[in-house]
1. Of the numbered conditions (1) in contact with a Lys or Arg (Cβ under 8 Å, 6 or more places away or on another chain); (2) more than 13 Å from Tyr55 (Cα to Cα); (3) open to solvent by less than 30 Å² (accessible area, probe 1.4 Å), Thr95 fails exactly one; give the number of that condition.
2. Does Ile108 fit the bill of being closer than 24 Å to Glu170 by Cα and either surrounded by 13 or more Cβ atoms within 10 Å (Cβ to Cβ) or under 16 Å from the mean Cα position of the chain (by Cα) (or both)?
3. Would you call Lys70 exposed (fewer than 15 other Cβ atoms within 10 Å of the Cβ), farther than 21 Å from Thr134 by Cα and modelled with pLDDT under 90?
4. Residue under question is Gln139, and the condition is that it be of a type in the set (S, T, N, Q) and open to solvent by 80 Å² or more (accessible area, probe 1.4 Å); does it hold?
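The values are calculated or read from the model by the stated rules, or taken from the named source; none is laboratory data. Predicted model, so just to flag it, every value in this text is computed and none were measured. Reconstructed Cβ throughout: ideal geometry from the backbone, glycine too, with neighbour counts over all protein chains shown. Ligands, DNA and RNA are stripped out before the accessible areas are found, and what is left, the full protein with its side chains, is counted by its heavy atoms. Shrake-Rupley method; radii C 1.70, N 1.55, O 1.52, S 1.80 Å.
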Amino acid sequence: MNRKLFLLASLFVLLTLVALVQPALCSGDRDKEKDKDFKGVSSGLLVHATPQIIYDSIKELRKRTPDTVKEVSKSEGECILEEHFDNLPFVGKATCIYVEKYVPGKLIEYKMLHSDKFKAFEGKWEITPTADETESHVQLSSFVMLDLPIPFLKQITNSQTMKGVKERLEAVKKMAEQHQQTLGSAIPSRQ
């Protein structure tokens, strides 16, 4: 009995620590006054490429994972996608169908239409060129919520989502900067 009590107390302490550390993990670069109602995570970085190359790289990133993301339908300015997730905490596998809406070179927004495990799945990629147009700031905001009655689920989910946001931003940065360099554009290299 003492071992069970010890394990429960340890789990409680761990979850409490996650809850306390979560704001630092998930705050990213988001301006909280600008978007008070946003419940997810956000991060951004500077990319040495034009907005159009970054936009194309974001869309290309999805095409590099045809085993997990597939196009269901496509029309002017939007696309419906089906994405499969493996190894998610607490649920294992999940499927999500969502719509992406496009403003070429500037914005990609996505919002869940249906999922077997998610209660929410939405966000956006924002691309803002610098004043001299030699670089662009890329911001990825994402809100994901599993449909489970688990204590501290929001904090745990936000922590995992932030990890994915940062990985996707880095992948887009690398891809866009390689494309920009390959094109031999007028934008000088900073390396």
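1. Evaluating Thr95 over (1) in contact with a Lys or Arg (Cβ under 8 Å, 6 or more places away or on another chain); (2) more than 13 Å from Tyr55 (Cα to Cα); (3) open to solvent by less than 30 Å² (accessible area, probe 1.4 Å) leaves (3) as the failure.
2. Judged against the criteria, Ile108 is a match.
3. Numbers: exposed (fewer than 15 other Cβ atoms within 10 Å of the Cβ): yes; farther than 21 Å from Thr134 by Cα: yes; modelled with pLDDT under 90: no.
It is false that Lys70 is exposed (fewer than 15 other Cβ atoms within 10 Å of the Cβ), farther than 21 Å from Thr134 by Cα and modelled with pLDDT under 90.
4. Numbers: of a type in the set (S, T, N, Q): yes; open to solvent by 80 Å² or more (accessible area, probe 1.4 Å): no.
Here the answer is no, as Gln139 does not meet what is asked.
Let's see how each residue does on (1) modelled with pLDDT of 95 or more; (2) within 15 Å of Leu88 (Cβ to Cβ); (3) of a type outside the set (Phe, Trp, Tyr):
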{"position": "Lys101", "(1), (2), (3)": "yes, no, yes"}
{"position": "His114", "(1), (2), (3)": "yes, no, yes"}
{"position": "Lys119", "(1), (2), (3)": "no, yes, yes"}
{"position": "Gly123", "(1), (2), (3)": "yes, no, yes"}
{"position": "Glu126", "(1), (2), (3)": "yes, no, yes"}
{"position": "Thr134", "(1), (2), (3)": "no, no, yes"}
{"position": "Leu140", "(1), (2), (3)": "yes, no, yes"}
{"position": "Val144", "(1), (2), (3)": "no, yes, yes"}
{"position": "Pro149", "(1), (2), (3)": "no, no, yes"}
